[in-house]
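Written out below as structure tokens is the structure these notes cover.
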Amino acid sequence: MPSFLSCRMSISSAQDPCLPPLLGDLFPARSVQGDVGAVLLRAQAVIDTVIAPTAAQRDRAGGYPHQAMAALKATGVLALAVPCAWGGLGVTQELSLEFMLRLAVADPAIAQIYKVHDDLVREIFAYAPAALRPVLARRIVHEHVILGMAVAENGRRADSFMQTLARPGHAGTHVVSGRKIYATGASGADLVAVSSFDPLRAQQMGGNVRAGVRMDLVPRGAAGLRFHHDWNRMGQRATDSGTVTLENVVVDDFWNALAPDTDLPQHVALRFQAGFSAILTGIGIGALRAVCAFVPQHARPWGAAGVESADQDPYVRRLLGEIGADLSGAWCSVAQAGRLLDQHEQGEVPRATVAMAASAARSVATRAALRAASDAPAAAGARGTDAAQGLDRYWRDARTLSLHDPVDWKNAEIGRNLLTGWVPEPGPYQ
């Protein structure tokens, strides 16, 4: 497999296939090669010709984006994160983050659905039972199976879990019942990752709570599994991240992806945060690109500027240039978090280093995305507020995604580390 780090650092020749630039020379074209490059080029073509042109329509309609996801699945991108040892493409986390960003420039809802799959694949192949790994890999690589997630629960606190219960069923099965919220990608997934808690197993293991935790991969059509399609937020509308209920759903223990004797990875939450940062940065880039395309053709220059077109106005240039610089910095921060995640998995850097990088990326990306989505339209003027332009969706998407968990806590954690040397303990959000 080619080194995408060296590929990124090299100067592309005219013959090299390239992913297109996203912000001119602030985010230039990227040379790609080999099987991974072929998949990414096919995916980029789908992004440009299928996903981007219909993103505003999906925003208005809501619901799961079945047609767009079917086109994306057919490119082979679902195998990007599957380890090479199991027949996948085994790409770096930095490259996965860039692909999420490229999706988010076009449609951040689809980027979030893909992110859930990428996160789950990397997580599951780290702790799944040995017998499950080749079976799951074949389904993803050859059948283009996509994973969705039903984990979050409506407890008193955001980190309240284990309300969905599993009880032993007939030979080799469990029966799962409960209610999940924020189930991104679940309604269109082929396999839904459902977390649950088996109190009997925990009791049998001497009160070991970890022993009772399950992560079952449940087929979307399983009896008793219901998708409520009640996602009605102002942004990220095409994620269909609504409620999922399970009423006596019978799950085959073979598809419990969480081996009971395997230690959980300690950096799952950090990867999760880095993906959000990549998508937020992509939303900001999408907003800036839309405004930069609109201004030369449709915006009217301010009279006092003394110019013939709005793109010659020095204040317009200054505003959009500042926003572009912010977004460039945000992407550099996200890419750094991705590189450190890869290095951490190789045992080269401590978890605390990755945690600070992930928090920094989330902080920078949140500010850059919200500013781009809110302030860049000022350069378009009143004409840019026409509903046909759809510029409002960028702010709605950025604001909705940014509220997944409070960015102020990321800033406070960085400050605490700087002031006291504090190292965050692994948790759902840090």
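Of note:
- Here GLY381 meets each of (1) touching a helix residue (DSSP H, G or I) at 6+ places or on another chain (Cβ under 6 Å); (2) surrounded by fewer than 18 Cβ atoms within 10 Å (Cβ to Cβ); (3) within 26 Å of PHE294 (Cα to Cα); (4) not acidic (Asp, Glu) with one exception, condition (1).
- Scan the stretch 94-117 for residues that are under 22 Å from LEU264 (Cβ atoms) and surrounded by fewer than 23 Cβ atoms within 10 Å (Cβ to Cβ) and the total you get is 0.
- Among residues that are on the phi < 0 side of the Ramachandran plot, within 21 Å of the chain's Cα centre (by Cα) and part of a helix (DSSP H, G or I), LEU340 is included.
- Residue among ASP375, ASP386, ASP326 that alone is of a type outside the set (A, V, I, L, M, F, W, C) and at pLDDT below 95: ASP386
- Residue match in the stretch 266-281 (condition: assigned to a loop (DSSP other than H, G, I, E, B) and free of Cβ contacts under 8 Å to residues at least 60 places away in the same chain): no
- Residues in the stretch 219-245 that are touching a residue at least 40 places away in the same chain (Cβ under 8 Å) and not in a loop (DSSP other than H, G, I, E, B): PHE227, ARG237, ALA238, THR239, VAL244, THR245.
- Residue tally, condition among the aliphatic types (A, V, I, L, M) and buried (at least 21 other Cβ atoms within 10 Å of the Cβ), over the stretch 392-406: 2
- Every pair of residues 6+ apart whose Cβ atoms lie under 9 Å, when the first sits in the stretch 193-211 and is surrounded by 13 or more Cβ atoms within 10 Å (Cβ to Cβ) while the second is outside any strand (DSSP E or B) and of a type in the set (Lys, Arg): ALA202/ARG210; ASN208/ARG201; ALA211/ARG201
- Test: residue in the stretch 265-280 that is out of contact with any Gly (no Cβ under 7 Å at 6 or more places or on another chain) and closer than 20 Å to LEU391 by Cβ: yes
- Complete set of residues in the stretch 266-298 that are open to solvent by 30 Å² or more (accessible area, probe 1.4 Å) and farther than 28 Å from GLY381 by Cβ: GLN266, VAL268, PHE272
- The residues on offer are ALA79, ALA85, ALA38, ALA70, and the sole one that is at pLDDT 95 or above and within 30 Å of ALA387 (Cα to Cα) is ALA70.
- Scanning the stretch 47-93 for residues that are free of Cβ contacts under 8 Å to residues at least 40 places away in the same chain, closer than 17 Å to GLY185 by Cβ and open to solvent by 20 Å² or more (accessible area, probe 1.4 Å) turns up GLN67, ALA70, ALA71.
- Residues located in the stretch 65-109, provided they are part of a helix (DSSP H, G or I) and touching a Phe, Trp or Tyr at 6+ places or on another chain (Cβ under 8 Å): LEU72, VAL77, TRP86, GLU94, LEU95, PHE99, MET100, LEU101, LEU103
- Any hit, the stretch 170-181, residues being in contact (Cβ under 8 Å) with a residue 24 or more places away in the chain, of a type in the set (Ser, Thr, Tyr), under 13 Å from LEU217 (Cα atoms) and open to solvent by less than 70 Å² (accessible area, probe 1.4 Å): yes
- Looking only at residues in the stretch 229-265 that are open to solvent by 50 Å² or more (accessible area, probe 1.4 Å) and within 30 Å of TYR394 (Cβ to Cβ), the one that is nearest to the chain's Cα centre (by Cα) is ARG237.
The values are calculated or read from the model by the stated rules, or taken from the named source; none is laboratory data. Model, not experiment: these values are computed from the prediction. Cβ coordinates were reconstructed from backbone atoms using ideal geometry, including for glycine residues, and neighbour counts include every protein chain displayed. The protein model used for the area step is the full one, side chains on, heavy atoms only, and it has no ligands, DNA or RNA in it. Shrake-Rupley method; radii C 1.70, N 1.55, O 1.52, S 1.80 Å.
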